[in-house]
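Here the structure is laid out as structure tokens; the discussion comes afterwards.
Since every read-out is calculated from the coordinates, none of them should be taken as a lab result. Everything numeric here is computed off the predicted structure, so don't read it as measured data. Cβ: placed from backbone, ideal geometry, glycine included. Neighbour counts: every protein chain shown.
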Amino acid sequence: MARVEFRNVRKEFHDQQKGTFTAVEGSDFVINDKEFVVFVGPSGCGKTTSLRMIAGLEHQSSGDIIIGDRVVNNLHPKDRDIAMVFQDYALYPHMTIRENLSFGLRNLKKPKAYIEQKVQEAASILDLESMLERKPRELSGGQRQRVAVGRAIVRDPQVFLFDEPLSNLDAKLRIQMRVELAELHKRLGATIVYVTHDQVEAMTLGERIVVMNKGAIQQIASPTELYAKPRNMFVAGFIGSPAMNFMDAELDGNRVLVNGTVLELPESMLSSSLADYDKKKVILGIRPEDIYGEDFVQNVKVEGKMTTSVQVVEHLGSENLVYFQVGERSVTAKVHPETKAYVGLEKTFILDLGKVHFFDPETEMRISD
Amino acid sequence: MRTTVASRSSSSAFMRFCRDYGWAYLFILAPVLLFLVFTLYPVISALIMSFQHYNPMNTTWIGLNNYKTLFQDDVFWKSMRNTVIFTIGTVPVNIVITFVLSYFIFQMKNSWQTLFKATLYLPTVASGVTLSIVWIAIYDPTSTGLINRFLGLFGIDPVIWLGQSSTALFSLMLMNWLGSHGAGIILYLAAMGGIPKSLYEAADIDHASGWTKFARITWPLLKPTTLYLLVTGVITSFQVFISVYLMTHGGPNFATTTIAYLIYDTAFKFYDFGLASAQSFVLAIMIIIVSVIQFKFLSSDVEY
Ligand SMILES: Nc1ncnc2c1ncn2[C@@H]1O[C@H](COP(=O)(O)OP(=O)(O)O)[C@@H](O)[C@H]1O
Ligand SMILES: [Mg+2]
């Protein structure tokens, strides 16, 4: 019932000193009922603004916003049947947890017994039962975060909006809450729009991910598709850690020339759109995990060899990050920890040519395959 | 050489202490001395004086007699009553006025805020003497007085504002309502600015009406500021003196005699320093009791 749709939505901020600033541009998407969609992108790319427009806390400059089957362009936040979890939680500091949870329902003039039941329900889902009479300041960060979620749950809204809810928590708690949020989604079966700048959070939580940059949507896709087929160099570089490597290359039939090294592409990589770039410059993208040391190659069907000297080695325990230079660009390989590598070593790296990506150097768009 | 090892080491320990902390204690000494000489000493000597019949030539110890006199004195009770009426009639009214002004100023654009803050702060920096003189003109009992001229427009006869017991105290209160909001406004504005905007947005989503947001969020979160203004307001108001001294001399017929003015009268008109000290102590104790009560009642659910 509760889908959320943006039709060509644009948001400008007017500032007397800085003039007009476009925070969100030509935003078009459909979030399906019961879907968990994550908005991800670097800080300042317009994620919060998009979320606040869904909530009605910010009014779009143009375009239509649809929730359920209503156009909500001019509806007040309270009439949109949404609930929002703010980045700073926005708990009412002078009210007890019980009062915080029941505030919305009391404003709706729901019967006392109903409110009581709802609060108990939410408290038991979120393990807050023993804290109902406390004030927010007597709670830990993780508990406050759960109260903020609880305040949303009690209202049974059509859509849940989360704005970086985990960013104030420490790393361990963040992972734990991530799991809890995923479970909560299954349990509530609600539509969730979730904003984060953390691509790991996005990849683990989102059924679909909306990648944004500089106010514009870059790609909307499932985590696997984003990883396998990033639509442009921004998405390719943003999703995955360490980021995808880019190298300047030139196509010549089924061969690629990278900094003097010739790589022969497998049949599977060749496509008609790639053929259009024959004898032209392209950008070759390859993820660090698709580069191996010669002495530790795993499951690579078509190998491309590249010999260069190791610049930096980082030991992470379960893997090593090896940095080397290709032309002007620094390249990272994520290799097995037993791969031999030390600074200055002349080493041959194996590129998994079945997993390379090509981009147009002008438009930075993916050359489809 | 009779110096023992022990005393030499202890004297060198003292030297080391002086070298390490000497300056610190020297700096602390200044305010401590000021406090001792100008606060603690006068308070203690006033306390002692309140048990004496003070006379520069022949001071005698009279025990609680000053306090007995005081509690049997009709003027004391009248001044007590006036002080309480003045306090009840000004402090809450002032807080409401300050709050309402702040509430509206807070919604304004920055430049307007500055203008209003500065304007409303002016009476606070102006001397009480200046203000009193201005208000004497405003309350001028002849038909040329500002208020009387205004009332004249409606055919109302001139009122002797400060010169009759029925209006004198009220006139002092009115003057107080219209003067002393600058500091409170600054405090309220700072406190309002300190309430996160997201609380109101959360409340918007939570179906809160404008009134609910005010009553359940703004007002409770401003309670520490209100409490502060209430306590300081009561303390100042209990000591109201300048306007009484300059405008009515406590009259007519003690209608505007406040405790502070009574103390002044007792001490410097009748030179009864013992009785004046006793009156001061009663005032001090009253202020302490009232402040404690206010904290007890109001601070229980205040969020700091
Ligand atoms: N109320 C505002 N006035 C002016 N500019 C704003 C306002 N809110 C956000 N912006 C600008 O819009 C851009 C996007 O902001 P936001 O949506 O908060 O980014 P994020 O993706 O980090 O959540 C930022 O550059 C920010 O400075
Ligand atoms: Mg944000």
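Using θ = phi - 60° in the Karplus curve 6.51 cos²θ - 1.76 cosθ + 1.60, the 3J(HN,Hα) couplings for the range B:258-266 round to 9, 4, 4, 5, 4, 4, 4, 4, 4 Hz; x is entered for Gly and Pro.
Loop-only GluC sites (Glu not before Pro) in the range A:289-369, please: DSSP not H, G, I, E or B, and at most 12 other Cβ atoms within 10 Å. Working shown, then result.
Working: sites: A:289, A:294, A:303, A:314, A:319, A:328, A:338, A:346, A:362, A:364; in loops: A:294, A:319, A:328, A:338, A:362, A:364.
Passing sites in the range A:289-369 are A:328, A:338, A:362.
Which of the lysines could a cross-linker bridge to residue A:186, judged by Cα under 20 Å and excluding same-chain residues fewer than eight apart? Qualifying lysines at Cα under 20 Å: A:34, A:118. Calculated from the alpha-carbon coordinates, the range A:56-132 shows an Rg and a Dmax of 15.5, 47 Å respectively. Share of antiparallel DSSP beta bridges in chain A, in percent to the nearest 5? Approximately 75 percent, going by the DSSP bridge assignments.
Relative to the longest principal axis of the Cα atoms of chain A, the long axis of helix A:97-107 makes an angle of roughly 70 degrees. Of B:153, A:321, B:187, B:64, the sequence from fewest to most neighbouring Cβ atoms within 10 angstrom is B:153, B:64, A:321, B:187. With neighbours defined as other Cβ atoms within 10 Å of a residue's Cβ, the residues B:134, A:343, A:85, A:258 order from fewest to most as A:343, B:134, A:258, A:85. Net charge around residue A:157, counting only other residues with Cβ within less than 12 Å of its Cβ (Lys, Arg = +1; Asp, Glu = -1)? It works out to a net charge of 0.
Note on the range B:123-146 and the range A:268-329: Cα centroid distance 87 Å, given to the nearest whole angstrom.
Put simply, the amide H of residue A:39, placed in the peptide plane, has neighbours under 5 Å in A:194, A:195, A:196, A:210, leaving out anything fewer than 5 places away on its chain. Summing Lys and Arg as +1 and Asp and Glu as -1 over all other residues whose Cβ lies under 13 Å from the Cβ of residue A:318 gives a net charge of -3. The smallest convex shape that holds all Cα atoms of chain A, its convex hull, gives 180 Å³ per residue.
Based on the convex hull around the alpha carbon atoms, the range A:226-331 presents an average projected area of 7.3 nm².
Both radii come from the Cα set of the protein assembly as shown: Rg as radius of gyration, Rh as Kirkwood radius; their ratio Rg/Rh reads 1.17.
3J(HN,Hα) along the range A:215-221: x, 10, 6, 8, 6, 10, 6 Hz, from the Karplus curve 6.51 cos²θ - 1.76 cosθ + 1.60 with θ = phi - 60°, whole Hz, x for Gly and Pro.
Counting only DSSP H runs of at least 4 residues, each contributing -39500 (n - 2.57), and dividing by the residue count of chain B, the helix-based mean residue ellipticity at 222 nm comes to -22000 deg cm²/dmol.
Taken along the Cα-to-beta-carbon direction at a fixed 7 Å, the label points for residue B:53 and residue B:170 span 4.4 nm. Relative to the longest principal axis of the Cα atoms of chain A, helix A:171-188 runs at roughly 60 degrees. Checking the table A:279/A:355; B:117/B:269; B:78/B:269; A:47/A:110; A:47/A:280 against a 29 Å threshold on Cα-Cα, which pairs fail? Checking Cα-Cα distances, B:117/B:269; A:47/A:110; A:47/A:280 exceed 29 Å. With a/c under 1.5 counting as rounded, go ahead and sort the range B:67-298 into rounded, prolate or oblate using the C-alpha gyration tensor (a ≥ b ≥ c being the square roots of the eigenvalues; past the cut-off, prolate if a/b is larger than b/c, else oblate). The shape class here is oblate. Its alpha carbons give the range B:1-127 an Rg and a Dmax of 28.1, 82 Å.
Fewest-first ordering of B:287, B:263, B:44 by other beta carbons within 10 Å of each residue's beta carbon gives B:44, B:287, B:263. Relative intensity of the range B:9-64 on a log10 scale, I(q)/I(0) at q = 0.15, 0.27, 0.31 Å⁻¹, equals -0.63, -0.97, -1.05, per a Debye sum over C-alpha point scatterers of equal strength in the absence of solvent. For the range A:88-94, 3J(HN,Hα) computed residue by residue from phi via the Karplus equation (6.51, -1.76, 1.60; θ = phi - 60°) reads 8, 6, 6, 6, 6, x, 8 Hz, glycine and proline entered as x.
With Cα atoms defining each centre, the range A:86-146 and the range A:24-73 are spaced 27 Å apart in the structure. For trypsin sites (Lys or Arg not before Pro), the sites in the range A:188-255 that DSSP calls loop and that have at most 15 other Cβ atoms within 10 Å are A:214. Give the angle, between 0 and 90 degrees and rounded to the nearest 10, that separates the Cα long axis of helix A:112-125 from the longest principal axis of the Cα atoms of chain A. The angle comes out at about 30 degrees.
To one decimal place, what Kirkwood hydrodynamic radius in Å is obtained for the range A:160-301 from all pairs of distinct Cα atoms? Display every interim value, and only then the final one.
On the way: mean 1/r = 0.0559 Å⁻¹.
17.9 Å is the Kirkwood radius here.
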